[in-house]
Ligand code: SF4
């Protein structure tokens with residue numbers, strides 16, 4: 001537990017030694033940051049911007065995380081039970097691909113066991129490091145008596161693997177307990193943190209999410225403002241990406257930043273055989289369980305109906321007592337900037353994200369790639385890098401007429417390489433995960449399709465593995481443009497100096513380094529034209545170097 005001086009805020013987390021609090025106020029860091037962000041990434045400046053970019057990227061690495069959130073509110077006629085905890089648990093399972101470092105569930109457990117229609121009870125945390133299946137036990141879930149739940153899965157950069165940073169964060173403010181779960185990355189978190197620390201605020205974590213809690217606690221709206229007003233006030237001061245949920249002992253609030261970088265879905269679970277209502281109103285019988293989740297795959301796994309996407313800049317408030325849902329748009333409008341990387345790699349292939357099927361996007365990326373970067377003289381097979389390259393490989397195969405085969409087998413018992421925390425583990429992990437099907441590929445000319453190249457080390461190992469297994473030719477095709485910059489909005493891409501396409505902008509050079517016979521990418525303008533993105537509703541920052549909002553240093 002810690003007390004935040006000057007903020008009327010107490011944070012309750014598991015004990016442990018967190019990373020040192022980031023220091024503030026070095027004026028020279030600001031100039032370093034701006035020198036990189038003002039200059040767009042282009043081949044002309046690549047050779048001169050290294051040190052500035054490196055410093056800034058290292059500076060912001062501490063706040064990067066890619067996460068999944070879920071919020072559950074049971075209908076008012078339902079007595080407290082283990083159902084909200086179990087629903088949150090399964091939803092987090094569905095969102096596990098968004099973060100594998102830690103997981104948490106906060107439960108609103110009312111006083112007594114009767115149906116609760118007013119504010120009462122407490123918020124209780126269960127959380128820890130590891131996968132969802134490792135953090136929560138059946139005994140913990142069975143013992144819960146809750147009417148609402150808030151869940152989070154987390155990924156962070158190396159060096160921050162600490163239970164203190166595992167969300168949701170639960171705090172005690174003047175008007176009661178508040179729990180928060182956040183997906184995204186704030187671009188002015190460091191500046192706000194320094195401002196708050198100058199006022200005496202003590203931070204307990206290295207997460208930018210904690211900045212929001214302190215801003216809520218110190219809201220200029222005064223001591224008697226409700227949670228929604230305080231949250232609106234706090235979020236009006238932050239910039240960048242946030243798709244977040246806040247739980248109190250009366251309501252669940254779901255909010256998305258005005259640019260809508262990260263997805264957030266609203267769903268409901270309606271009982272097929274309604275239980276008798278406690279009161280005899282029609283509302284009680286038909287009141288659904290409301291669910292908010294990062295992706296529709298979580299709603300699908302729960303058997304819930306997808307109601308709609310929570311809009312960029314929208315705040316949805318779900319009141320447990322009435323079962324009512326209210327929608328607000330409290331922030332100034334901004335140009336929408338949905339992260340296209342959610343479609344390329346990050347989201348589950350079964351999800352609908354930003355109103356589009358992720359599977360169909362990836363399939364179409366593959367078709368476009370086959371037309372833009374065909375293999376001269378043809379090939380025997382198109383094979384995917386499993387699993388995220390499968391849909392694009394099917395698209396490539398369909399458009400090229402080259403047969404699709406699963407020439408690489410993937411073990412499903414090892415985590416995804418991109419979200420493993422260290423380079424050493426990533427390097428070891430790829431050989432554990434992927435095995436060539438020698439009997440299929442021996443003596444064959446292969447087109448290998450992957451969703452993206454980040455560092456290139458995985459691609460290099462795959463090409464080597466296929467050659468060792470007897471492949472005659474390996475032509476690598478990548479279903480997205482070259483990644484030349486880091487992400488500042490919540491996807492943990494590495495420092496740009498580690499990115500293959502930054503280090504080797506010449507495709508021939510990159511191809512030689514990987515060891516393939518040829519290398520081809522999906523062009524950025526093909527991607528934009530497929531999306532029909534004439535208004536610029538998507539973010540392509542890591543491909544183009546043109547970022548929708550520039551990080552602000554302290
Ligand atoms: Fe997505 Fe790249 Fe933009 Fe980050 S910079 S939000 S990963 S498109």
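Read-outs: derived from the displayed coordinates by stated rules, not from any lab. Treat the numbers as computed from the prediction; the structure is a model and nothing was measured. A quick note on method: Cβ atoms are made from the backbone with ideal geometry, for glycine too, and the neighbour counts reach across all protein chains shown.
Treating the Cα atoms of the stretch 428-554 as identical point scatterers in vacuum, please give the log10 of the normalised Debye intensity I(q)/I(0) at q = 0.09, 0.21 Å⁻¹, two decimals.
The Cα Debye sum returns log10 ratios of -0.31, -1.21.
With r as the distance between the Cβ atoms of residue 224 and residue 409 and R0 = 45 Å, compute the FRET efficiency 1/(1 + (r/R0)^6) and round to 0.05.
So, using R0 = 45 Å, E works out to roughly 0.15.
For the stretch 73-207, just say rounded, prolate or oblate: build the C-alpha gyration tensor, square-root its eigenvalues into a ≥ b ≥ c, call rounded for a/c under 1.5, and beyond that prolate if a/b exceeds b/c, oblate if not.
Oblate shape, in that a/c is at least 1.5 and b/c is the bigger or equal ratio.
Using the alpha-carbon centroid of each, what span in Å lies between the stretch 285-311 and the stretch 467-530?
36
For the ranges 506-513, 394-401, 536-543, what's the packing order if you count other beta-carbon atoms within 10 Å of each residue, average per peptide, and put the highest first?
With the highest mean Cβ count within 10 Å placed first, the list reads 536-543, 394-401, 506-513.
At R0 = 51 Å, how high is the FRET efficiency between residue 544 and residue 199 if r is their beta carbon distance? Nearest 0.05 is fine.
0.85
Given the Cα-Cα distance of residue 442 and residue 311 and 0.36 nm per residue of separation, how much length would full extension add, in nm?
Contour length minus the Cα-Cα distance gives 42.1 nm.
Could you order the peptides 98-109, 487-498 from most to least packed, using the average number of other C-beta atoms within 10 Å per residue?
On the way: 98-109: 26.9, 487-498: 21.7.
The packing order, highest mean first, is 98-109, 487-498.
Take the Cα coordinates of the stretch 67-334, assign each an equal point scatterer, and use the Debye formula without solvent to give log10 I(q)/I(0) at q = 0.09, 0.14 Å⁻¹.
-0.36, -0.92
Per Stokes-Einstein, at 10 °C and 1.306 mPa s, what whole-number D in µm² s⁻¹ belongs to the stretch 449-501, with the Kirkwood radius over Cα pairs as the hydrodynamic radius?
Diffusion coefficient, whole number: 129 µm²/s.
Go ahead and run the numbers for FRET between residue 174 and residue 376, Cβ-Cβ distance against an R0 of 60 Å, rounding to 0.05. If you can, show how the numbers build up before the last one.
On the way: r = 69 Å, r/R0 = 1.15.
Calculated transfer efficiency: 0.30.
I'd like the distance separating the alpha-carbon centroids of the stretch 368-405 and the stretch 244-269, in whole Å.
38
Specify whether the C-alpha gyration tensor of the stretch 142-239 places it in the rounded, prolate or oblate class, a ≥ b ≥ c being the square roots of the eigenvalues: rounded for a/c under 1.5, otherwise prolate if a/b is larger than b/c and oblate if not. Mind dumping the intermediate values first?
Working: a/c = 1.86, a/b = 1.08, b/c = 1.72.
Verdict is oblate for the stretch 142-239.
Neighbour counts of other C-beta atoms within 10 Å: give me 357, 287 arranged from fewest to most. Display every interim value, and only then the final one.
Working: 357 17, 287 23.
The most exposed by this proxy come first: 357, 287.
Rank by packing, highest mean first: peptides 205-213, 251-259, 228-236, with packing defined as the count of other Cβ atoms within 10 Å averaged across residues. Please list the in-between numbers first.
On the way: 205-213: 26.0, 251-259: 24.3, 228-236: 20.2.
So the peptides 205-213, 251-259, 228-236, ranked by packing, come out 205-213, 251-259, 228-236.
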